[in-house]
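The values are calculated or read from the model by the stated rules, or taken from the named source; none is laboratory data. Computed from a prediction, not measured in an experiment: that's the story for all the values here. Neighbour counts run over all protein chains shown; Cβ positions are idealised from the backbone, glycine included.
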Amino acid sequence: MWFHTYKNMQLVTYRSSYQTRLGACVNQHILDLNQSYKEMLTAQDRVDELAVADLRVPTDMLTFLQGGETSLAAAREAISFVQEQCATEETQNWLYPIEEVTLCPPVLNPGKVIGVGMNYHAFVAGIGEETPQFPTLFHKTATALNAHRGAVAIPHVTSEAVPEGELAVIIGKRGKYIAPEDALSYVAGYSCVNDICARDLEFRTSQWTSGKMVDTFGPLGPVLVTADEIPDPQSLDLKTILNGEVIQAGNSADMIFSIPQLIHEISSITTLEPGDVIMTGTPSDLGFIDPPIFLQPGDTISVVIERVGTLTNPVIAEQAHI
């Protein structure tokens, strides 16, 4: 059978038939978790639990994350049920080939998208800067978020769009003043993110945000791999590929501030909440090399992270996007 035992929990937000719903990506298919959980309860004669099915496995990612371990356990039950059913049934009405749905950013409209600048030793060495004493933080807007296969639209106000492949951390529970030793327990999962910046806008003032908040300049996805599947996020290979050529390569072990340190520092400033996204930094600065690498319409850019996935986006001119 095509449907084999899954190796990790890959959660997605997808759109099909004008509805946006929570799913799991398994063997190039998207499983609707809410529908399959209800089918499981009915098939197992657990109809008395249908009244709480939407609470255990809601249809949106943010509410799902707020459900914590209860929601995760229910989702795993649903996936196991479908695996068993597919041993005798080829198709189900809650299972879709991935090419038949539109993937969205795993978390829609997160409360916070927090970027971390200059967080790799190789990056800092490459631009000749001193190692920072504290994380360099900035905001990326929710409207900058983009999906896997979504078009990155270069607006006419910039000619210097620089890709930055990064590991994204997605927060799973609310926390303030989180101790480093407890920090990973607040992580829902990990994803790929491309923190594209408009370099000419970024450095025309002392603040970076103008170059970071451009619409479509934050592709995120395609999946959220749950934290229990990646017990050590500080050992992941990362690369960025432009038109088939590797232009960045690194490993998360090279971070100046580890993920627990980042969560500790950020939560000491602002309360972290479910669905918040932390972009953990990029291995090298492509805008300062000679010649610099700037995205152009017609390009294809990908971020590949070990055990997390591949995020790919075409690049177009903004007027073609409107």
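Of the residues making up the stretch 207-234, those that are surrounded by 17 or more Cβ atoms within 10 Å (Cβ to Cβ) and either free of Cβ contacts under 8 Å to residues at least 60 places away in the same chain or not hydroxyl-bearing (Ser, Thr, Tyr) (or both) number 18. The residue list 237, 276, 232 contains one member that is touching a Pro at 6+ places or on another chain (Cβ under 7 Å) and within 27 Å of residue 180 (Cα to Cα), which is 276.
The residues of the stretch 39-78 that are in a loop (DSSP other than H, G, I, E, B) and under 22 Å from the mean Cα position of the chain (by Cα), listed by number, are 57, 58, 59, 60, 67. In this structure, residue 19 qualifies as surrounded by fewer than 17 Cβ atoms within 10 Å (Cβ to Cβ), of a type in the set (S, T, N, Q) and under 22 Å from the mean Cα position of the chain (by Cα).
Anything in the stretch 10-38 that is closer than 22 Å to residue 109 by Cα and either of a type in the set (Lys, Arg) or part of a helix (DSSP H, G or I) (or both)? List them, or say none. Passing the criteria: 15, 21, 33, 34.
Screening the stretch 151-227 for strands (runs of 3 or more DSSP E) wholly inside it with 2 or more residues that are polar (S, T, N, Q) returns the ranges 187-194. Against the condition in contact with a Ser or Thr (Cβ under 7 Å, 6 or more places away or on another chain), surrounded by 15 or more Cβ atoms within 10 Å (Cβ to Cβ), in contact (Cβ under 8 Å) with a residue 60 or more places away in the chain and among the small types (Gly, Ala, Ser), how does residue 302 come out, does it pass? Considered against the rule, which asks whether it is in contact with a Ser or Thr (Cβ under 7 Å, 6 or more places away or on another chain), surrounded by 15 or more Cβ atoms within 10 Å (Cβ to Cβ), in contact (Cβ under 8 Å) with a residue 60 or more places away in the chain and among the small types (Gly, Ala, Ser), residue 302 comes out as yes.
Answer with yes or no whether residue 60 is at pLDDT 95 or above, surrounded by fewer than 23 Cβ atoms within 10 Å (Cβ to Cβ) and charged (D, E, K, R). For residue 60, the condition - at pLDDT 95 or above, surrounded by fewer than 23 Cβ atoms within 10 Å (Cβ to Cβ) and charged (D, E, K, R) - is met. Out of 155, 233, 219, I need the residue that is in the same structural domain as residue 310 (by TED's automatic domain parsing), at negative phi and in contact with a Leu (Cβ under 6 Å, 6 or more places away or on another chain). Which one? Criteria check complete, one pass: 219.
Here is the figure for the stretch 95-107: residues that are of a type in the set (Val, Ile, Thr) and either surrounded by 21 or more Cβ atoms within 10 Å (Cβ to Cβ) or in a strand (DSSP E or B) (or both) total 2. Here residue 133 clears all of (1) assigned by TED's automatic domain parsing to the domain that holds residue 68; (2) surrounded by fewer than 16 Cβ atoms within 10 Å (Cβ to Cβ); (3) not charged (D, E, K, R) except the condition numbered (1). Quick check on the stretch 120-145: of everything there that is touching a Phe, Trp or Tyr at 6+ places or on another chain (Cβ under 6 Å) and at pLDDT 90 or above, which residue is nearest to residue 237 (Cα to Cα)? Filtering the stretch 120-145 for residues that are touching a Phe, Trp or Tyr at 6+ places or on another chain (Cβ under 6 Å) and at pLDDT 90 or above, the one nearest to residue 237 (Cα to Cα) comes out as 135. Cβ separations smaller than 6 Å between residues 6+ apart or across chains give the following pairs from the stretch 108-128 residues that are surrounded by 15 or more Cβ atoms within 10 Å (Cβ to Cβ) to residues that are of a type in the set (Phe, Trp, Tyr) and at pLDDT 90 or above: 115/138; 119/257. Can you spot a residue in the stretch 245-255 that is over 15 Å from the mean Cα position of the chain (by Cα), in a helix (DSSP H, G or I) and acidic (Asp, Glu)? Checked the stretch 245-255: at least one residue is over 15 Å from the mean Cα position of the chain (by Cα), in a helix (DSSP H, G or I) and acidic (Asp, Glu).
Scanning the stretch 199-218 finds no residues that are out of contact with any helix residue (DSSP H, G or I) (no Cβ under 8 Å at 6 or more places or on another chain), modelled with pLDDT of 95 or more and over 15 Å from residue 280 (Cα atoms). In the set 166, 160, 181, only one residue is among the acidic types (Asp, Glu) and within 16 Å of the chain's Cα centre (by Cα); that residue is 166. Scanning the stretch 170-192 for residues that are touching an Asp or Glu at 6+ places or on another chain (Cβ under 9 Å) and under 30 Å from residue 288 (Cβ atoms) turns up 170, 190, 192.
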